[in-house]
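Inspection log for the structure reproduced underneath, given as structure tokens.
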Amino acid sequence: MPSITIDGMPVAAADGQTVLQAALAAGFDIPHLCHHPDLSPGGHCRLCVVQVDGGPLSASCQLTVRDAMSIATDTVPVREAREAALDLILSAHPMTCLTCASNHACKLQTVAAQIGVDEARLGLLRPLVGSVSKDESNPFFIRDPQRCVLCGICVRTCDEVQGRGALAVGYSGAATAIVAGSDAPIAESICESCGECVDRCPTGALVHRESRPPTREVRSVCPYCGTGCSILLGVRGDRVVSVRGDADGPVNRGRLCVKGRYGMGFIHSDQRLTTPLIRRDGVLEPATWDEALDLVAERFAVSRGSAFACIGSARCTNEEVYLTQKFARAVMGSNNVDNCARLCHAPTVAGLKQSLGTGGGTSPIEDLAKAACVLVIGSNTTEAHPVVGAQVRHAARRVPLIVADPRETDLARRARIHLRLRPGSDVPLLVGMARAILDAGLEKATFIEERTEGFLPFVQAVMAMDPEWIEETTGVPWSDIAEAARLYAASAPAMIVYSLGITEHTHGTDNVLAIANLALLTGNIGRPGAGVMPMRGQNNVQGACDVGCVPDSLAGGLAVREQAGREAVGRRWGVDLADTPGLTVMEMLDAARSGSIGALYVTGMDVAYSAADTARAQEAMRAAGFVVVQDIFLSGTAELADVVLPAASFAEKDGTFTNLERRVQRVRAAVPPPGEARQDWQIVCDIARRMGAPGFEFTDASQIRDEMSEVAPAFGGIRFDRLEGDGIQWPCPSVEHPGTPRLHVDRFSTPNGRARFTAPAYRPPAEAPDESYPLVLTTGRSLYHFHLAMTVHVAGLMELNPEELVWLHPDDAAARGVADGDLVTVSSRRGSLDLRSWITDAVSPGTAFMTFHFYEAPTNVLTQAALDPVSKTPEFKVTAVQVRRAGDDKRQ
Amino acid sequence: MPALAQLQRRHGSIENGVIAALARSLGLPESKAYAAATFYSSFALAGDGQKVRPPALDAALESVMGAERAPEAIRSWGITAPDGRPDGALARCGAIRPESVDDYRAAGGYEGLRVALAMPAEAVVETVRAARLRGRGGAGFPTAAKWDHARTVIAPAKVVICNAAEGDPGAFADLAILRQDPHGVLEGMAIAAHAVGAARGIVYIRSEYEEAIETVRGAVREASDSGALGPGFTVEVFSGGGRYVCGDETALLNSMEGAPGRPRLRPPLPTEHGLWGRPTVVDNVKTLALVPLILRHGPEWFASIGPAATTGPAILAVSGFVRRPGVVEVPMGFTLRQVIEQGCGGMADGAELKAIQTGGPLGAFLSADAVDTPICFDAMKAAGSPLGSGGLIVVDHRTCMVASSRAFAEFAAAESCGHCAPCRLGTRQVLLALRNLMGAGASGADLRLIERMEAAMRSSSFCAYGRSAASVVLSAIRVFPDEFAAHAVERRCPADWCSMEAS
């Protein structure tokens, strides 16, 4: 460790540190504008100059420490240089601090105070303030080039933190300016509105539109995707007015995406539900809680057992979801309890449990930085999990990135190899990779020998699929498959990131098994930088499954069929629990359609629009005897309910969310719920107590957490008082246990400790394109939206992405006479939608793409309820459709 | 950059929409392509006239100081080979067909490379070290030290780059060499490549040197076809986008990578982490042209020319008020007077020597009293003005030093890359102060401001350009204080050049 002196005082520095870093760490404040701890040195402002060994000046931000270096931070030459550099910067900066949004948060003010400004001296310089006007094109922040000091922090942030490159330092000399795109309004550029640059801008050149500081901040967890970013909700009065990334957040380290930072407007939307609603004469009308609860208790009481079905919410806290499934099982005597994971990652839970023993992601997100190769398959990580996506982009600058996706996604463009497979041909692709690895002898024999079983049948099945057939089925050249396989197998450790492109198929579980096979074949499980990472969709979808909101298992993954575990839970709850698994979401809808569901209780899920085949789902809602929907908005599903109960949003409740790396983190109430809305766990308790059931006397979410720790061994040590820091990754059996960042390190969690290879089998997608429906429609997320609710209540997000578009390849568009932006009719065997087109070669010929974020064009009108036989997840990703110009005769 | 240049050639200007398409095809964000397009003076963006940089400022210097380029006039004298025949880096200029490998060989060319290839790489470096060759690009850094560093870095692919970004107003020696004897440079590159273990050579030529680019391309073709460059070494020609600062080797590397040509942070040095991260040796045209002579005639011969501190031939570009401006090659150690009187036929008719500007826009003025200073990196520096890359502008008694300074200040401000605050804004403040000194508002405060800005730029700018970007102006104030005082205090231009009127 080099030892240096600063102003005569000895300072211990770290190898490779800059003098500025060493000085700041030791408490010596050196003025600086363009330095930021997250970024590489810029060397732009020159305010941080110091004198080295009594000699010439050097910018301390770009000077690496050497042993015995003597640094002086306040000599006459240093002061003169800083004063002159500051005067120059100020000569080009408007002196209108009090009307600047960054007033008092401005680093230029700080350095000016540190260095000192002499009015007469400054007055000798000619004013060089630019005349370029503000760029107000972005709904969330404003750029003011006049206040820009050209520190380059925004450019480096976009390059190094976000990996986007939306900004650059353009022009030169006195005309030098930060440019977005071709110096266009930033909203027209590739900027993703993550706001990271705004957060780091030292002056008023980039400011959030909401720039007044909050009066208090509350640490919580982002309510959007499953990444689990730590956030600080800024509150003024009783309103959330800002969001900051929590620099100490274990997942995001301060980073946020556009939804996390700017997407909280829904909390205070005037569309929030504020009172219970009861359907009277066909119309939902406001009611009191007593009226609503009495009605619910009365109707639920006559629909116990298999006549009751309950859909828990992956948006709610673990404590609430736990309580919801406890209510279904203990009070209603029904295992018909499920959550939205059924429509997304149920195949992950089934597949990974079968092959590895635990149905969760194997590794922490930070392992992406340790991987020597990353394979992304069926995941548009950039848009669906933006903060993870940025880390994949970061990895791609360092190590080979392989992307398998029918679309040319952002990551595909950065990939060493883009395997542009046909939708639904994942198994052949993954088998092809396995075969290429075996052909090249790149499998990890010792790992296979010592830690797995079922290898030989697996090899036989793999060898039965020959390369020509694989090439033909996937549409990917064998040479690309082989090269991707070689890269993945030869670069250890390697990580696989996947998402709904893998799971939302009739062969979703097969896909997951094929992924696990590939990781096992190459020994890529159980060590840093390796692993299989399913990108879970909803903020708490991992948790919802973990706490037992599924028909076949209880909290902590105890199977309902297993007597010992079931009885232990039953004893704790004081009831006998049913031993047969209940219905899944899609099965519940079918049961409702056939008239066998007397009461359906839906909490926080827009099931009528998010289930495949909307018409069929709506029919089920109407056929159910009595439907209770508990939500924060009057969702499409709530509109079909008999009783609607107003719930609190994440910002109004205490509890925990579990992210996609199994990390349980604290959610904290920042503001009171609007009107009469209540927290979901309170509502469940209210109903249970009204039905006279014991075991729902909670007064605080922590009490529910404590019960969960007793009931589920995997959560034994997870209690609120231990969650103040980085949270805990389960399994965590005791309060002494630190949690488990990485699964399967020494042994797999299967009964015999060995992972299982599964012989692959190929089934084509349920629906093949034909003459009437010649295109394959796939679906996915947009960066600016989540599902249907929430983001549509955030004006800025709607401005950035206002409507559903169907993406068409130029060839397919030309064949139909469709021009970019034309209104078209997209129809499938189930229904049709009118919407505008976007013509792009990001989709392959013969395929089309839509997101699923708008009630005006609800995409699931088109999709089909064909299910994966194991997990019962529908095939959202392959739908045969026809696209025509709207109004054209279908026969043409 | 080549893609932008192609667009520029084809359409005369670059439409904004085209940059987005170009960026997409190159896999670059549009912002980065746009930044490059707006940085280089040779690219004009359609519909964006007011933002485009002004053209190079040779014209201003020419009008004030008569500094006209004369690359065709070449004189080499005072240097003889061991066999007594005249020799030197310019000896063949005008005597052979520039592109012809046969002509070059017949004149003794590629003999140095033959000698080098027969030696181990380390021995080549030691030979250059024994010759005490110092780089002719401006800094005078020992060439062998640079090569040795690149040689000892372990890396699979290394690169040798010939820096022909020659951007000094009043410098044209590189142009002369490239146009008239390009094989000498290619041979030097091949020797450097052997010494450091590079398989790839690139000649980076500023785009304004269109004719030289064609000549060098022709020479490369002939050399490759005839195998003259030795086994496993290929050379290509890169046309730079035309910015003075690209003469800085790290800026040059950025520009070759398609980024704006702003200097990089050092360390790492290019010899360790250069073009696309590969160890890279960047040497000036003149340096490389001298290398074959060292191998051919031996290091002792080379080291015997000139003073111990600066050995070998000096290659100078002389312009201004001399009778015969041109490129002059003399032994290091000759005096400025010898160059002017013997090399250039003395002062032009009616002109009296007032000052000599050396070192280009980062150099200084020497007074007429310093005319007996020997041409040598160290002696010139001691006299107050760097030798730089060998450009000498001879200033006569009728020239206004304030106006001359302003011409340099215009250049300095226009060529500032914009990376750091002192240079980006300091060059502008200096220029505005000088403009003021030429008019009715002239004041002593302008002089104090210039001195303060110069000091700040010198002590804390990011790169060598910024540190010396006001040095010419400061030297003029120091050498001709009375002339500046006449402007500032009496509002009078002794040379009667400045209007001294309200602007």
Considering the range A:114-147, residues that are away from chain B (no Cβ under 14 Å) and of a type in the set (Val, Ile, Thr), and then whichever is farthest from the chain's Cα centre (by Cα), we arrive at A:VAL117
Picking from B:ALA413, B:ALA445, B:ALA455, the residue that is under 20 Å from the mean Cα position of the chain (by Cα) and within 14 Å of chain A (Cβ to nearest Cβ) would be B:ALA413
Matching residues in the range A:877-892 (modelled with pLDDT of 90 or more and either over 19 Å from A:ASP822 (Cα atoms) or in a helix (DSSP H, G or I) (or both)) number 4
When A:THR203 is run through (1) in a loop (DSSP other than H, G, I, E, B); (2) out of contact with any Cys (no Cβ under 8 Å at 6 or more places or on another chain); (3) buried (at least 18 other Cβ atoms within 10 Å of the Cβ), the failure sits at (2)
Of the conditions (1) more than 10 Å from chain B (Cβ to nearest Cβ); (2) part of a loop (DSSP other than H, G, I, E, B); (3) hydrophobic (A, V, I, L, M, F, W, C), the single one that A:CYS45 does not satisfy is (1)
Subset of the range B:131-174, residues part of a strand (DSSP E or B) and crowded, with 21+ Cβ neighbours inside 10 Å, comes to B:ARG134, B:VAL159, B:VAL160, B:ILE161, B:CYS162, B:ASN163, B:ALA164
Taking the range B:445-503 and the residues there that are in contact with a Gly (Cβ under 8 Å, 6 or more places away or on another chain) and β-branched (Val, Ile, Thr), the one that is surrounded by the fewest Cβ atoms within 10 Å (Cβ to Cβ) would be B:VAL489
Pairs returned, first residue in the range A:454-483 that is in the same structural domain as A:LEU421 (by TED's automatic domain parsing), second residue that is among the aromatic types (Phe, Trp, Tyr) and assigned to a helix (DSSP H, G or I), beta-carbon separation under 6 angstrom, 6 or more apart or interchain, are A:PRO467/A:TRP478; A:GLU471/A:TRP478
B:ALA251 vs (1) more than 14 Å from chain A (Cβ to nearest Cβ); (2) over 23 Å from B:ALA89 (Cα atoms); (3) under 15 Å from the mean Cα position of the chain (by Cα): all pass except (1)
Okay, helices (runs of 4 or more DSSP H) sitting entirely in the range A:103-187 with 1 or more residues that are closer than 25 Å to B:PRO260 by Cβ, I get A:107-115, A:153-156
Counted residues in the range A:49-91 being more than 9 Å from chain B (Cβ to nearest Cβ), part of a loop (DSSP other than H, G, I, E, B), over 10 Å from A:VAL19 (Cα atoms) and of a type outside the set (Ser, Thr, Tyr) come to 6
The helices (runs of 4 or more DSSP H) lying entirely within the range A:323-403 that contain at least 3 residues which are closer than 20 Å to A:GLY557 by Cα are A:346-356
All conditions in (1) surrounded by 18 or more Cβ atoms within 10 Å (Cβ to Cβ); (2) over 25 Å from the mean Cα position of the chain (by Cα); (3) among the hydrophobic types (A, V, I, L, M, F, W, C) are true of A:VAL735 except (1)
- Message: Please determine whether any residue of the range B:181-197 is of a type in the set (A, V, I, L, M, F, W, C), assigned to a loop (DSSP other than H, G, I, E, B) and touching a strand residue (DSSP E or B) at 6+ places or on another chain (Cβ under 6 Å).
- Response: no
Within the range B:428-442, the residues that are out of contact with any Phe, Trp or Tyr (no Cβ under 8 Å at 6 or more places or on another chain) and more than 7 Å from every other protein chain (Cβ to nearest Cβ) are B:VAL430, B:LEU431, B:ALA433, B:LEU434, B:ARG435, B:ASN436, B:MET438, B:GLY439, B:ALA440, B:GLY441, B:ALA442
Taking the range B:416-426 and the residues there that are at the interface with chain A (Cβ under 7 Å from one of its Cβ atoms) and assigned to a helix (DSSP H, G or I), the one that is surrounded by the fewest Cβ atoms within 10 Å (Cβ to Cβ) would be B:ARG424
Here the residues within the range A:282-322 that are under 22 Å from A:ALA648 (Cβ atoms), in contact with a strand residue (DSSP E or B) (Cβ under 8 Å, 6 or more places away or on another chain) and in a loop (DSSP other than H, G, I, E, B) are A:ALA287, A:GLY312, A:SER313, A:CYS316, A:THR317
Looking at the range B:246-254, is at least one residue among the hydrophobic types (A, V, I, L, M, F, W, C) and touching a Cys at 6+ places or on another chain (Cβ under 8 Å)?
yes
**Prompt:** Any residue in the range B:102-110 that is in contact with a helix residue (DSSP H, G or I) (Cβ under 8 Å, 6 or more places away or on another chain), modelled with pLDDT under 90 and crowded, with 19+ Cβ neighbours inside 10 Å?
**Reply:** no
Scanning the range A:531-570 residue by residue, those of a type in the set (Lys, Arg) and either out of contact with any Ser or Thr (no Cβ under 8 Å at 6 or more places or on another chain) or under 24 Å from A:LEU520 (Cβ atoms) (or both) turn out to be A:ARG536, A:ARG566
Would you call B:ALA407 over 30 Å from A:ILE178 (Cβ atoms) and in contact with a His (Cβ under 6 Å, 6 or more places away or on another chain)?
-> no
Of (1) buried (at least 22 other Cβ atoms within 10 Å of the Cβ); (2) touching an Asp or Glu at 6+ places or on another chain (Cβ under 9 Å); (3) more than 28 Å from A:ALA591 (Cα to Cα), A:THR791 fails just (2)
The strands (runs of 3 or more DSSP E) lying wholly within the range A:617-713 that contain at least 1 residues that are under 30 Å from A:GLY831 (Cα atoms) and modelled with pLDDT of 95 or more are A:627-631, A:643-646
From the option list A:ASP834, A:ASP820, single residue qualifying as surrounded by fewer than 21 Cβ atoms within 10 Å (Cβ to Cβ) and in a loop (DSSP other than H, G, I, E, B) is A:ASP820
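The values are calculated or read from the model by the stated rules, or taken from the named source; none is laboratory data. This structure is a prediction, so every number in the text was calculated from the model and none was measured. Cβ sites come from the backbone with ideal geometry, for glycine too, and all protein chains shown count toward neighbours.
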